[in-house]
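Visitor: Submitted below is the structure of interest, expressed as structure tokens.
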Amino acid sequence: QVQLVESGGGLVQAGGSLRLSCAASGRSFSNYRMGWFRQTPGKEREFVARISGAGTNKQYTDSVKGRFTISRDNAKNTVYLQMNNLKPEDTAVYHCAASSQPYSSSTYSSSGTYSYWGQGTQVTVSS
């Protein structure tokens, strides 16, 4: 079992930046594909980005391409989400998640693919 703890959320003005971190417990972090999802109250959880175990493959939802960058440091058991040029519509609770399933182009963006979830960190973009 993996425990995930997000941090780095906060209040930022439109056009600003935030860097989210997700610290994972356990000894097999590099074996997990990691993802970031976000959720607004009353809406379904939305896929944001994912990264392969070695960090060489990344996918993003279209709305964040060119603005967000997912990365990981396996030596630190941490995955990051660098969020630039933030927009009010980015406001959400951001969750990191870990998947032990092999990559699939049809499922990587589905929440059901991920077995472990962090508690989330709030990102609020004003203006």
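The values are calculated or read from the model by the stated rules, or taken from the named source; none is laboratory data. No experiment lies behind these values; they were computed from the predicted model shown. Cβ sites come from the backbone with ideal geometry, for glycine too, and all protein chains shown count toward neighbours. SASA here: full protein model, heavy atoms, side chains in, ligands and nucleic acids out. Shrake-Rupley method; radii C 1.70, N 1.55, O 1.52, S 1.80 Å.
Visitor: Residues that are hydrophobic (A, V, I, L, M, F, W, C), closer than 15 Å to residue 117 by Cβ and open to solvent by less than 50 Å² (accessible area, probe 1.4 Å): does the stretch 71-86 have at least one?
Guide: yes
Visitor: Same structure again: Check 42, 55 and return the single one that is part of a loop (DSSP other than H, G, I, E, B) and under 17 Å from residue 123 (Cα atoms).
Guide: On inspection, the qualifying residue turns out to be 42.
Visitor: Does residue 67 satisfy the criteria of being at pLDDT 95 or above, under 20 Å from residue 2 (Cα atoms) and of a type in the set (D, E, K, R)?
Guide: So residue 67 does not fit the description; no.
Visitor: Right, next: In the stretch 5-26, which residues are farther than 16 Å from residue 71 by Cβ and either part of a strand (DSSP E or B) or open to solvent by 40 Å² or more (accessible area, probe 1.4 Å) (or both)?
Guide: Correct list: 5, 10, 11, 12, 13, 14, 15, 25, 26.
Visitor: Here's another thing I want to ask about it. Just for the stretch 27-36: of the residues that are assigned to a loop (DSSP other than H, G, I, E, B) and open to solvent by less than 50 Å² (accessible area, probe 1.4 Å), which one is nearest to residue 96 (Cα to Cα)?
Guide: Going through the qualifying residues, I end up with 32.
Visitor: Can you list residue pairs whose Cβ atoms sit under 6 Å apart, with the first residue in the stretch 104-127 being buried (at least 17 other Cβ atoms within 10 Å of the Cβ) and the second being of a type in the set (Phe, Trp, Tyr)? Count only pairs 6 or more apart in sequence or on different chains.
Guide: Matching pairs, first to second residue: 109/47; 121/94; 123/94.
Visitor: Now for a separate question. Is there a residue in the stretch 37-56 that is free of Cβ contacts under 8 Å to residues at least 40 places away in the same chain, under 14 Å from the mean Cα position of the chain (by Cα) and open to solvent by 30 Å² or more (accessible area, probe 1.4 Å)?
Guide: no
Visitor: In the stretch 42-56, is there at least one residue being in contact with a Gly (Cβ under 6 Å, 6 or more places away or on another chain), among the polar types (S, T, N, Q) and at pLDDT 95 or above?
Guide: Checking the stretch 42-56: not a single residue is in contact with a Gly (Cβ under 6 Å, 6 or more places away or on another chain), among the polar types (S, T, N, Q) and at pLDDT 95 or above.
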